[in-house]
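Student: Quick one: structure below, then a few questions.
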Amino acid sequence: AFPKRVRLVEVGPRDGLQNEPEPIETPTKLELIDRLGAAGLAYIEAASFVSPKWVPQMADHREVMTGLTRRDGVTYASLTPNLKGLEGALACGVEEVAVFGAASEAFSQKNINCSVAESLERFAPVLERAREAKVRVRGYVSCVLGCPYEGEIAPAKVAEVSKALFEMGCYEVSLGDTIGVGTPLKAKRMLEAVSREIPMDKLAAHFHDTYGQALTNLYAVLEEGIAVVDSSVAGLGGCPYAKGASGNVASEDVVYLLDGLGIETGIDLDALAATGTWITQTIGRPNRSKVGVALAAK
Ligand code: HMG
Ligand code: MG
């Protein structure tokens, strides 16, 4: 059965922008975050405390996290792959962070320069320190429906890594179809394996739309009870360590779908679509939300 309400995790300012080749001004990022909050997004992944040598676009994480105007009821989160990242984020007063692992060894090496087992060892002290600081930690698992280097990924592997993150203390595990290769049956089978280990209400879907399947895959997992969806305004984005990977499913398209299903989100679709139009015009990118384009043409 479908959930009554879905929580959207807006990853546009992070996943959406991290791969942009041209520098984006910090004030543009701050305005984007503010507009998203105004449109009703209650959870915004705003920055990433990773190495600026690896991901130059996120080098202004400190300016973003300290410069944003906090709205009541909105969580502003950051990625923190290790203790150095977490300390940086804590110094900016972050209230929530995320660690990110993978169900693929090759992807783990390319993305965070260590094996899956080593990544889990690195996350343990991050979770411990975050617990002390009373900061909640979300966990990502990448390549849950396929890997750009290894191809097929076994659902059992996804379940194993997800379980490790959950047992370590991640309050929620977000399942990433990093390169958007999934299809609905595959997504359901993967979710079936993971939900045997972790309750459904502790799981989120993070689907990229590279092959145009993200919305369909979401429909499939919503039916299974997934009630947290990661998305990016205007479908911005792509992972720097997954060649050819395009953006996340567009937030506007997800909200339109959920509205149509009678599922509450608390989001103002018109304001969100206007934000998508504005950010794509500002950074000179195509708007990859079909709903956003349609509403802008009205
Ligand atoms: P490393 O090189 O193995 O780490 O990188 P290290 O500890 O050996 O440190 C090397 C250098 O990096 C040192 O600097 C450190 O100080 C610095 P140097 O002495 O050479 O000048 N360093 C840092 N600087 C800033 N912030 C930090 C930090 N840590 C070390 N936190 C590391 C390991 C993880 C840091 C690196 O591999 C990295 O930054 N990777 C970036 C990965 C990334 O951001 N990928 C994109 C996000 S994940 C994603 O998009 C997928 C997701 O959306 C889900 C999905 O779609 O599937 C979440
Ligand atoms: Mg992603």
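Student: Rounded to the nearest 5, what is the percent of antiparallel bridges among the DSSP beta bridges in the chain?
Tutor: Taking every DSSP beta bridge with both residues in the chain, the antiparallel ones total about 5 percent.
Student: Please work through the chain and write down the cysteines that have no neighbouring cysteine Cβ at a distance under 4.7 Å.
Tutor: Cys92, Cys114, Cys170, Cys239
Student: Of Thr80, Thr275, Thr282, how do they rank once you tally other Cβ atoms within 10 Å and put the fewest first? Please report the intermediate quantities before stating the final value.
Tutor: Details: Thr80 29, Thr275 26, Thr282 13.
Exposure proxy ranking, most exposed first: Thr282, Thr275, Thr80.
Student: Here is a follow-up. Just how large is the dipole of the range 219-298 about the Cα centre, in debye to the nearest 20, putting +1 at every Lys and Arg Cβ and -1 at every Asp and Glu Cβ? Before the final figure, lay out the partial values.
Tutor: Details: 5 positive and 9 negative charges, 112 e Å.
So the magnitude is around 540 debye.
Student: Quick one: Karplus J couplings for the range 83-97, per residue in order, coefficients 6.51, -1.76, 1.60, θ = phi - 60°, nearest Hz, x for Gly and Pro?
Tutor: Once θ is set to phi - 60°, the couplings for the range 83-97 become 4, 4, x, 5, 4, x, 5, 4, 4, 9, x, 5, 9, 7, 9 Hz.
Student: Grab the DSSP H runs of the chain that are 4 residues or longer, score each as -39,500 (n - 2.57), total them, divide by all residues and round the 222 nm result to the nearest 500 deg cm²/dmol. Display every interim value, and only then the final one.
Tutor: On the way: 11 runs with 123 residues, N = 298.
Taken over the chain, the calculation gives -12500 deg cm²/dmol.
Student: In terms of modelled amide H atoms, which long-range or inter-chain residues lie less than 5 Å from the amide H of Phe207?
Tutor: Residues meeting the criterion, in which the H sits 1.01 Å from N, are Asp177, Asp230, Val249.
Student: Next up: Among bridges DSSP assigns within the range 87-190, what percent are antiparallel (round to 5)?
Tutor: 10 percent
Student: I need to check one value: relative contact order of the range 191-298, counting alpha carbon pairs closer than 8 Å and at least 6 residues apart, in percent.
Tutor: Working: 147 pairs, mean separation 25.2, N = 108.
Worked out over the range 191-298, it gives 23 percent.
Student: Please report the relative contact order for the range 104-263, taking Cα pairs under 8 Å with a sequence separation of at least 6, and give it as a percent rounded to a whole number. Provide the component values of the computation, followed by the final result.
Tutor: Working: 289 pairs, mean separation 30.2, N = 160.
Relative contact order comes out at 19 percent.
Student: Full extension from Arg70 to Leu261: what is 0.36 nm times the residue separation minus their Cα-Cα distance, to one decimal in nm? Don't skip to the end; give the middle numbers.
Tutor: Values: separation 191, 0.36 × 191 = 68.76 nm, distance 3.09 nm.
Result: 65.7 nm gained on full extension.
Student: What are the ³J(HN,Hα) couplings of the range 22-39, residue after residue, when phi is run through the Karplus curve with 6.51, -1.76, 1.60 and θ = phi - 60°? Round to Hz, x for glycine and proline.
Tutor: Values per residue, Gly and Pro as x: 8, x, 10, 4, 4, x, 5, 4, 5, 5, 4, 4, 5, 5, 5, x, 5, 7 Hz.
Student: Need the full-extension length gain, Lys84 to Thr282, defined as separation in residues times 0.36 nm minus the C-alpha distance. One decimal, nm.
Tutor: On the way: separation 198, 0.36 × 198 = 71.28 nm, distance 3.22 nm.
Extending this stretch completely gives an extra 68.1 nm.
Student: Taking Cα pairs under 8 Å and at least six residues apart, what relative contact order does the chain come out at, in percent?
Tutor: Numbers: 663 pairs, mean separation 60.9, N = 298.
RCO, the chain: 20 percent.
Student: Hey, if you put +1 on the Cβ of every Lys and Arg and -1 on every Asp and Glu Cβ in the chain, which of Met65, His206, Thr26 ends up farthest toward the positive end of that dipole?
Tutor: So the residue furthest toward the plus end is His206.
Student: Per-residue HN-Hα couplings for the range 58-74, Karplus 6.51 cos²θ - 1.76 cosθ + 1.60 at θ = phi - 60°, whole Hz, x for Gly and Pro?
Tutor: Here the 3J(HN,Hα) series is 9, 5, 8, 3, 5, 4, 5, 5, 8, x, 6, 8, 6, 9, 4, x, 10 Hz.
Student: Additional query: Using modelled amide H (1.01 Å from N, peptide plane; none on Pro or chain starts), what sits under 5 Å from the amide H of Leu79, excluding residues fewer than 5 places away?
Tutor: Hits under the 5 Å cutoff: Ala47, Ser48, Phe49, Ala98.
Student: Something else about it: Past the 29 Å Cα-Cα mark, which pairs from Lys134/Lys290; Lys157/Lys243; Lys84/Lys202? If you can, show how the numbers build up before the last one.
Tutor: On the way: Lys134/Lys290 39 Å; Lys157/Lys243 22 Å; Lys84/Lys202 27 Å.
In this structure, Lys134/Lys290 exceed 29 Å between Cα atoms.
Student: Any idea what the dipole of the chain comes to, in debye rounded to 20, about its Cα centre with Lys/Arg Cβ at +1 and Asp/Glu Cβ at -1?
Tutor: Numbers: 30 positive and 38 negative charges, 26 e Å.
Dipole size: approximately 120 debye.
Student: If I model a spin label at Glu118 and Glu132 as a point 7 Å from the Cα along the Cα→Cβ vector, what separation in nanometres do I get?
Tutor: It works out to 2.5 nm between the two label points.
Each value in this text was obtained by applying a stated rule to the coordinates, not by laboratory testing. Since the model is a prediction, treat every value here as computed from it, not as a measurement. Heads up, the Cβs are rebuilt from the backbone with ideal geometry, glycines too, and the neighbour counts pull from every protein chain shown.
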